[in-house]
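In what follows, a structure is listed as structure tokens, so that the remarks can point back to it.
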Amino acid sequence: MPGFAKDIRPLFRNVDIDHMKPQGLDLSSYDDVCNRADDIYDQVSNGFMPPDQPWSQDLIQLFRDWMDGGMQP
């Protein structure tokens, strides 16, 4: 089962974290990512985030599996 620390947090590059913090989302924060998981999933699955290097289907599925598995820390 995927966990935030070992599987999800590494998906977010420093540039992604730095870009989103001023917009009120800390992608390095477990709580922030959990609270906005649906929005994040919508953005990555539609190829809008990250704008310069969209996630592969495997990474999108990993994020979905993490969500469906109860968003383990």
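None of the figures in this text is laboratory data; all of them are computed from the coordinates on show. On a predicted model such as this, the values are computed, not experimentally measured, just so you know. Note that we place each Cβ from the backbone using ideal geometry, even for glycine, and neighbour counts take in every protein chain shown.
Taking 18 Å as the cut-off, the amide N atoms of segment 41-73 that come nearer than this to a point 7 Å along the Cα-to-beta-carbon line of residue 26 belong to 73.
So what is the relative contact order of segment 1-56, in percent, for Cα pairs below 8 Å that sit 6 or more residues apart? If you can, show how the numbers build up before the last one.
Details: 31 pairs, mean separation 10.8, N = 56.
For segment 1-56, the relative contact order is 19 percent.
Restricting the calculation to Cα atoms, the chain yields a radius of gyration followed by a Dmax of 11.1, 31 Å.
Here the chain is treated with +1 on each Lys and Arg Cβ and -1 on each Asp and Glu Cβ, and its dipole about the Cα centre works out to around 160 debye.
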